[in-house]
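Participant: First, the structure itself, so that you have it in front of you.
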Amino acid sequence: MSETPDSEPLGAIFRRLIANTGPISLAHYMGEANARYYSAKDPLGTAGDFVTAPEISQMFGELIGLWLADMWINAGREEPIHYVELGPGRGTLAADALRAMKRYGLEPGVHFVEGSTALKDIQLETVPGAQWHHDLSTIPPYGPVLLVANEFLDALPVRQLVMTPEGWRERMVVPEGEKFVCVAGSQPMEAAVPEARRQAEVGTIIETCPAAAATVYEVAGRLVEQGGAALFIDYGHDQLRDGSSLQAVRSHLKVDPFINPGEADLTAHVDFATLVPIAQSRGCKWLGTVPQGRFLRNLGIDARAQALAQTAPQHGPAIEAAKERLVGEGQMGLLFKVMGLACPGWPGGAGF
């Protein structure tokens, strides 16, 4: 369905589909809406809909690159080595990270997992040597992998289950006037709810993300088989929670996710608490899940900001403001988490 020419609004396609076949799941709605949204536009930057950490400051990508170089050096500098990024945006993080790695003799092959044609063109200019992949299956199956996924998991479709007087049901989407709304489906869904969470009050919502679970499962398997380390950076929580976290952003403002599907970025909080045991089930080493602010401070962002400000005093206030945006508790510092994974034979990572 996401292949349909963009001339017809996605909302109209959804209405027709629902009229013919009944309500669609929230996961279906979110998946198609984001496929349409990302397929043809660059959503990043002040002219776009949102700004990610690499676009705020070069310090972010540089520190990620230094972390990866440190892991590789302590693991014995094995080659060939692959830098893999899931959803690399404009390629800004990769460019900054690769520049930092090069100072320590690390020059990996670069692999981008990207579905957006519009962003591929920008990435080609930013990182000319990169190779593109539709998914992880075509990444080379030999040599360690250094993988980064920054604000990738949050855009994957979530499934929501709601406790009704009749028991657990999946949340489905139907039209109502000009917009769409969520209703409880008719099929019993007890089997999809972990046993420990089945007893709940009516109205309780549980959110799961099968695509995030599958991604982490596959990455963990790669790390165990090939060696390497991975950083998943996203906003989310490291304790189990109930409730819907679905939101939509357009032109840097929160908007209703159920109006004009395909025209805003739909995201949900990443459930890191559920992802850790999935990685460990492959025999992968979990390095920790910590707030982004603490991680960047542990890697030396304060000293890096100071050094940049000394080199270019006229940019001092802007550098300090960018750093505060990345690490401040009221900004990205607390809400964003960093989850580290590594091959069992690799060292523990700095920053955790």
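Participant: Could you please find all residues in segment 252-289 being under 15 Å from residue 151 (Cα atoms), part of a loop (DSSP other than H, G, I, E, B) and touching a Cys at 6+ places or on another chain (Cβ under 9 Å)?
Facilitator: 268
Participant: Would you confirm, using the coordinates I've provided, whether residue 204 is in contact (Cβ under 8 Å) with a residue 40 or more places away in the chain, farther than 30 Å from residue 100 by Cβ, crowded, with 16+ Cβ neighbours inside 10 Å and not basic (Lys, Arg)?
Facilitator: Spelling it out, residue 204 is indeed in contact (Cβ under 8 Å) with a residue 40 or more places away in the chain, farther than 30 Å from residue 100 by Cβ, crowded, with 16+ Cβ neighbours inside 10 Å and not basic (Lys, Arg).
For every residue, the table says whether it meets (1) under 23 Å from residue 341 (Cα atoms); (2) touching a Pro at 6+ places or on another chain (Cβ under 6 Å); (3) assigned to a strand (DSSP E or B).
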position	(1), (2), (3)
66	yes, no, no
72	yes, no, no
93	yes, yes, no
96	yes, no, no
111	yes, no, yes
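Participant: For segment 142-149, indicate whether the set of residues that are surrounded by fewer than 22 Cβ atoms within 10 Å (Cβ to Cβ) and on the phi < 0 side of the Ramachandran plot is non-empty.
Facilitator: Yes, segment 142-149 contains a residue that is surrounded by fewer than 22 Cβ atoms within 10 Å (Cβ to Cβ) and on the phi < 0 side of the Ramachandran plot.
Participant: Could we say that residue 221 is within 20 Å of the chain's Cα centre (by Cα), in a loop (DSSP other than H, G, I, E, B) and at pLDDT 95 or above here?
Facilitator: no
Participant: Of these, 139, 205, which one is modelled with pLDDT of 95 or more and farther than 22 Å from residue 227 by Cα?
Facilitator: The conditions single out 205.
Participant: While we're on this one: Please pick out the residue among 249, 181 that is modelled with pLDDT under 95, closer than 22 Å to residue 36 by Cα and either in contact with a Phe, Trp or Tyr (Cβ under 9 Å, 6 or more places away or on another chain) or part of a loop (DSSP other than H, G, I, E, B) (or both).
Facilitator: Only one candidate passes the filter, namely 249.
Participant: Something else now. When only residues in segment 36-54 that are over 15 Å from the mean Cα position of the chain (by Cα) and in a helix (DSSP H, G or I) count, which is modelled with the lowest pLDDT?
Facilitator: 39
Participant: While we're here: So, in segment 303-352, of the ones that are buried (at least 17 other Cβ atoms within 10 Å of the Cβ), aliphatic (A, V, I, L, M) and free of Cβ contacts under 8 Å to residues at least 60 places away in the same chain, which residue ends up farthest from residue 239 (Cα to Cα)?
Facilitator: Result: 309.
Participant: Cβ contacts < 6 Å: first residue acidic (Asp, Glu), restricted to segment 78-100; second residue surrounded by fewer than 21 Cβ atoms within 10 Å (Cβ to Cβ), any location; separation 6+ or different chain. Result?
Facilitator: Hits for this filter: 96/58.
The values are calculated or read from the model by the stated rules, or taken from the named source; none is laboratory data. What you are looking at is a predicted structure, and each value in this text was computed from that prediction instead of being measured. Ideal geometry is used to build each Cβ from the backbone, glycine not excepted, and the neighbour counts take in all protein chains shown.
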